[in-house]
Amino acid sequence: MTLSSAAQSMFDKAREQSETGLSEMRQLASDAFPGDDSIIIGVNGSYARREVTQGSDVDLFFLFDRSELSDVAEKQSMFRERLKSAGFDMPAKGGVFDAPLSVSALSQTIGGQEDNNKQITRRMLLLLEGEWVHNEADFHETRTRLLSQYVPKDIRADQICLFLLNDIIRYWRTICVDFEHKVQKENKDRAIRLIKLRFSRMMLFVAGVLAVSETFELERDQKIEKLETLLSVPAYERVHQIVEARAVPALELYSEFLSGLDDEAVRSALSQPSPAGENTEAFATLRDKAQRFRSCLIDVLDARCSDPNPTVNALLL
């Protein structure tokens, strides 16, 4: 089974727009910080996932190891302005990577009371969908060092990376709880957030689970290497790479989600304040597709991660 021409065309369009944007960002960073290896610049979101559509903005982050925070903050502010001047849409300030972050802070606390929503979100975004813009080598080294903390030195080949799997599960549930908080307590627009939750966020979760499933029957160093390789692949491509033809039904629906976001009329309808957004035909159509998408992903997990692979059972401990 192969993707339809319509689905392949949508994925190709989104990838081309993403790669063009990333190339331009990398050139702007190279011009702004020639030879500067004291900082790492990366992106999350649609550019990192190769899913750029109309209305996509740049979810930028700055990491540092040997610099002063004030110096890096100045560089970040300057680079945001350069991106704006180049025509990139930038989100409002206040996100989890609003301020530069030290590399050590990413992995300083995994679990415990200090590991709040912001901490886990930063960590998981870097692992599950992060992409480099400046200082590629240190970006990958940082991710590998972080992954190594999730893989105990005494782990057996017949074990999966359960520590990482549990954090991925925790992150997914954190996203779900935060969604309810935003729409109920902060009166955020519900329709477009719910559709994104049920498509792109769920895809990211399942792609992370599948990456962990592939660590089964590998030795420790191989597990870390496999995770770094797979997590460097955008989520929907990762799913396709791992399960091949079994991913096609889910990917067909996912392409329709991307097509909807790329349609100005659909996006505008979904972006209406509640409850107007939920009363649109666009929302009803994508909500129904999201329910089918979920069923397709369950089939994918069941087919790939069942006995003897312990991943599905581990989802329930």
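Extension gain, ILE298 to GLU19: 0.36 nm times the residue separation minus the Cα-Cα distance gives 97.4 nm. For the pair the stretch 71-123 / the stretch 204-235, the C-alpha centres are spaced 25 Å from each other. Among the listed pairs LYS118/LYS182; LYS75/LYS118; LYS93/LYS188; LYS188/LYS289, give every one whose C-alpha distance is greater than 20 Å. Result: LYS75/LYS118; LYS188/LYS289 exceed 20 Å. Between ASP307 and ARG82, full extension at 0.36 nm per residue minus the direct alpha carbon distance yields a gain of 75.9 nm. What is the local net charge at ASP307, summed over the other residues whose Cβ is closer than 14 Å to its Cβ (Lys, Arg +1; Asp, Glu -1)? So the surrounding residues net to -2. Under the convention that each Lys and Arg Cβ holds +1 and each Asp and Glu Cβ holds -1, the size of the dipole of the chain around its Cα centre is about 840 debye. Comparing ARG123, ARG49, ARG82 in a Gaussian network model of the chain (Cα springs below 10 Å), the most mobile by mean-square fluctuation is ARG82. Full extension of the chain between LYS93 and ALA73 gives 5.9 nm of extra length, using 0.36 nm per residue less the Cα-Cα distance. Under the rule a/c < 1.5 gives rounded, and otherwise a/b versus b/c splits prolate from oblate, where does the stretch 1-153 land using the Cα gyration tensor? Judged from the Cα gyration tensor, the stretch 1-153 comes out oblate (a/c at least 1.5, b/c at or above a/b).
Read-outs throughout are calculated quantities, based only on the coordinates presented, and are distinct from any laboratory measurement. Treat the numbers as computed from the prediction; the structure is a model and nothing was measured. Counting neighbours? That spans all protein chains shown, and the Cβs are built from the backbone with ideal geometry, glycine included.
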